[in-house]
Amino acid sequence: MNQSLQGKVAVVTGGSEGIGLAAAKRLAAGGAAVFITGRRQQVLDKAVAEIGGDVVGVQADVSKPADLERLYETVRASKGKLDILFANAGVQAKEALGSITEEALDYQLAVNFKGTIFTVQQALPLLTEGASIILASSTTAAKGLSTRTVYSATKAAIRSFARSWATELKGRGIRVNVLSPGPIATPALTASLADEKVAAAYKANVVDTIPLRRVGQPEEMGEIVAFLASDASSYVNGADIQADGGWAQV
């Protein structure tokens, strides 16, 4: 099976750090022309320099359809098509039931729910026959974790999107799959564990409950994205790839 991405055009939202950056690097290394988005221009510029190759950074907030239109107009003007879409941008606000705020609720729904819908919908005119759409969910969609009510619900919705869209896009041969990472060593996670007591509690409550006894690396997620983007996964459609070291599987 061919895993080459030569000649392909990819968009990675939230591609300036973490899993999105690792995926963009892997897609570019495979030969794809890559467009990444991020909300912070300085971080986006740094990512573009780090990725190298045929890569373009477009400052955009996926919760704003006008930003997405500007992104896709850039792709249209430069490449005229889109073969791979990794709808990765997402946010998380930890609030327990009883203290959920309207502000945090609206923020997560705007980016994770609305943002994912319009990221895919506005890409439709550019997507080629047989294109690959990859949606970023999370193992928290299947695990009942405290303080994750809204976040987990938005990620569960993304799993539902893939089922609906795989059916709706079947006439164009477009595949829609989901990547559901478990605990991954992203900059956000690393920053949250700066306190030794917090890190010790995280190890005891999370890491030690993962059958592989470690958190995953963004590069491991990038490899899965590249697989789902390539012809090597040509018969994989509507699937949810649980990449969590077994955390939510046992």
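The values are calculated or read from the model by the stated rules, or taken from the named source; none is laboratory data. Note that this is a predicted model, so its numbers are computed, not measured. Glycine also receives a Cβ, built like all others from the backbone with ideal geometry; neighbour counts cover every protein chain displayed.
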Determine whether region 124-145 contains at least one residue that is out of contact with any Gly (no Cβ under 8 Å at 6 or more places or on another chain), closer than 20 Å to residue 215 by Cα, surrounded by fewer than 16 Cβ atoms within 10 Å (Cβ to Cβ) and in contact (Cβ under 8 Å) with a residue 60 or more places away in the chain. yes
Considering only residues that are more than 13 Å from residue 22 (Cβ to Cβ), buried (at least 17 other Cβ atoms within 10 Å of the Cβ) and not hydrophobic (A, V, I, L, M, F, W, C), which ones fall in region 210-250? 230, 233, 237, 240, 242, 244, 245
Mind checking which pairs have a first residue in region 228-250 that is farther than 26 Å from residue 7 by Cβ and in a strand (DSSP E or B) and a second that is at pLDDT 95 or above and not hydrophobic (A, V, I, L, M, F, W, C), Cβ under 6 Å, 6 or more apart or different chains? 240/159; 240/180; 242/180; 243/181
Is it the case, given these coordinates, that residue 135 is in a helix (DSSP H, G or I), under 17 Å from residue 27 (Cβ atoms) and either modelled with pLDDT of 95 or more or small (Gly, Ala, Ser) (or both)? no
Every residue from region 56-67 that is more than 18 Å from residue 137 (Cβ to Cβ), out of contact with any Ser or Thr (no Cβ under 6 Å at 6 or more places or on another chain) and surrounded by 13 or more Cβ atoms within 10 Å (Cβ to Cβ): 56, 57, 59, 61, 64, 65, 67
Could you figure out which of (1) loosely packed, with under 15 Cβ neighbours inside 10 Å; (2) in contact (Cβ under 8 Å) with a residue 60 or more places away in the chain isn't true of residue 164? (2)
In the set 200, 194, the lone residue that is surrounded by fewer than 22 Cβ atoms within 10 Å (Cβ to Cβ), more than 18 Å from the chain's Cα centre (by Cα), of a type outside the set (D, E, K, R) and part of a helix (DSSP H, G or I) is 200
Those residues that are over 22 Å from the mean Cα position of the chain (by Cα) and in contact (Cβ under 8 Å) with a residue 12 or more places away in the chain, I need them from region 59-78; list them, please. 78
What residue, among those in region 49-96 that are in a loop (DSSP other than H, G, I, E, B) and aliphatic (A, V, I, L, M), is farthest from residue 14 (Cα to Cα)? 96
Which one of these is crowded, with 23+ Cβ neighbours inside 10 Å, small (Gly, Ala, Ser) and either in contact with a strand residue (DSSP E or B) (Cβ under 9 Å, 6 or more places away or on another chain) or closer than 26 Å to residue 236 by Cβ (or both): 30, 90, 7? 90
